[in-house]
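Before any comments, here is the structure.
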Amino acid sequence: MNWPDLSMGGYGFYVWGSYLVSLIAIVWEVVSLRQRKKALTQQQQSSKSVSAPVLRGSINETTS
Amino acid sequence: MNIYKYASPASFYPVAGKLIPWFAIPAALLFATGFFIGFFIAPTDFQQGDAYRIIFIHVPAAWMGMLLYMLMAFYAGIGWAFNARLSSMMASSIAITGAMFTAISLITGALWGKPTWGTWWVWDARMTSTLILLFLYIGFISLQAAIDDPRRADRAGAVLALVGVINVPIIYFSVQWWNTLHQGATIRLLQKPTIRGSMLAALLIMLAACWLYSVAAVLIRLRCIILEREQNASRFAEVGV
C-alpha cells in the first residue's frame with residue numbers, strides 16, 4: 001500500500017473532478033429516490049383521509 | 001413454488017423491498033474497496049501518469065450505460081409483447097439510472113480527454129454514439145412522461161427503446177470499425193487484458209459495485225412506480241372512469 005499523491009502528478013483537477021462528478025450524480029439519484037418515496041408515503045396517508053373524497057366530489061360537481 | 005406469482009406488481013413489491021439491502025450494502029463496500037485498490041495499490045501508469053485512474057469510474061460507467069440500455073430495451077420489449085406491466089415498469093425504472101451512468105461516462109471521458117488528448121470533446125465515433133445513447137435515454141424518459149396513459153406510454157417507450165438498441169453494438173465496436181481518437185478496448189473477452197492485475201482488479205470491483213448499485217436503485221424506483229400507478233388506478237376506480 002502506498003499513499004496516493006494528492007496532486008495526481010498534476011492531473012489532480014481531472015482525476016478528482018471525475019470522481020467528484022460521479023459522486024454528485026450518485027448522491028443526486030439517491031436523494032431524488034428518497035424524496036420520491038417520501039412524497040408517495042405522504043400522499044398515501046393523506047389520500048386515505050382527505051384527497052379521495054375531495055376528488056370524487058369535484059368530479060361529481062363538474063359532471064352533474 | 002410458482003415463480004409467475006411474482007410477475008404481478010403487487011406481489012413483487014414486498015419481494016423488491018427485501019432484496020434492496022442485499023444489493024445496496026455490498027455496492028457501498030465494493031465502491032470503497034475498488035477506490036482503495038485503484039488509488040492505494042494500483043501503480044502509476046508509465047504512459048498516462050496518474051490521469052489513467054479516471055478509468056476506474058469511466059469504464060464501469062460506460063459499460064453500465066450500454067448494459068442498462070440493453071436491459072431496458074429487453075424489459076420494454078417483453079412488456080410490450082406479452083402485455084406484462086411489471087416488465088414495462090422495470091424498463092421505466094432502469095432508464096434514469098442508465099442515463100445517469102451514460103452522463104458520468106461522457107463527463108469523466110471529457111475530463112480524461114483534456115489532459116491526454118488536449119481536448120474535452122471531439123466528434124469521434126465512440127463519443128458521438130455514446131452521446132446518442134444519452135439522447136435515447138432522455139428521449140425514452142420524456143416520451144413516457146409526455147403520455148398520460150401508462151400503458152400507452154409503455155408501448156411508445158418500447159418502440160423507441162427497441163429501435164435504439166442498434167446503437168449499442170455501434171458504440172461497442174466503434175473503436176474497431178473506425179479509426180477513432182478514443183483508445184481501443186482495455187479488456188476483451190477472449191484476449192489477455194492490457195493492464196496490470198491490481199488495475200484490472202480495481203476496474204472489475206468498481207464494475208461489480210456499479211452493477212449492485214444499479215440493481216438497488218432500480219428496485220427502489222420500481223417500488224415507487226408500482227405505488228404511483230396503483231394510486232392513480234385506484235383514484236380512477238373511485239371516480240368510476
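Rundown of residues vs (1) part of a helix (DSSP H, G or I); (2) modelled with pLDDT of 85 or more; (3) buried (at least 18 other Cβ atoms within 10 Å of the Cβ), yes/no style:
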site	(1), (2), (3)
B:Ala185	no, no, no
B:Ala202	yes, yes, yes
B:Ile205	yes, yes, yes
B:Ala208	yes, yes, no
B:Tyr213	yes, yes, yes
B:Arg221	yes, yes, yes
Does B:Met70 satisfy the criteria of being hydrophobic (A, V, I, L, M, F, W, C), touching an Asp or Glu at 6+ places or on another chain (Cβ under 6 Å) and in a helix (DSSP H, G or I)?
-> no
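Looking at B:Pro26, B:Pro60, B:Pro43, which one is outside any helix (DSSP H, G or I) and touching a residue at least 24 places away in the same chain (Cβ under 8 Å)?
So the residue among B:Pro26, B:Pro60, B:Pro43 that is outside any helix (DSSP H, G or I) and touching a residue at least 24 places away in the same chain (Cβ under 8 Å) is B:Pro43.
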For the subset of the range B:74-101 comprising residues that are away from every other protein chain (no Cβ under 14 Å) and aromatic (Phe, Trp, Tyr), which member is surrounded by the most Cβ atoms within 10 Å (Cβ to Cβ)?
-> B:Tyr75
What is the one condition in (1) free of Cβ contacts under 8 Å to residues at least 40 places away in the same chain; (2) within 12 Å of another protein chain (Cβ to nearest Cβ) that B:Phe31 does not satisfy?
-> (1)
A:Asp5 versus (1) facing another protein chain (nearest Cβ under 8 Å); (2) surrounded by fewer than 16 Cβ atoms within 10 Å (Cβ to Cβ); (3) part of a helix (DSSP H, G or I); (4) at pLDDT below 90: which is the lone unmet condition?
-> (3)
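The values are calculated or read from the model by the stated rules, or taken from the named source; none is laboratory data. All values reported here derive from a predicted model rather than from experimental measurement. Neighbour counts are summed over all protein chains in view; Cβ atoms, including those assigned to glycine, are modelled from backbone coordinates with ideal geometry.
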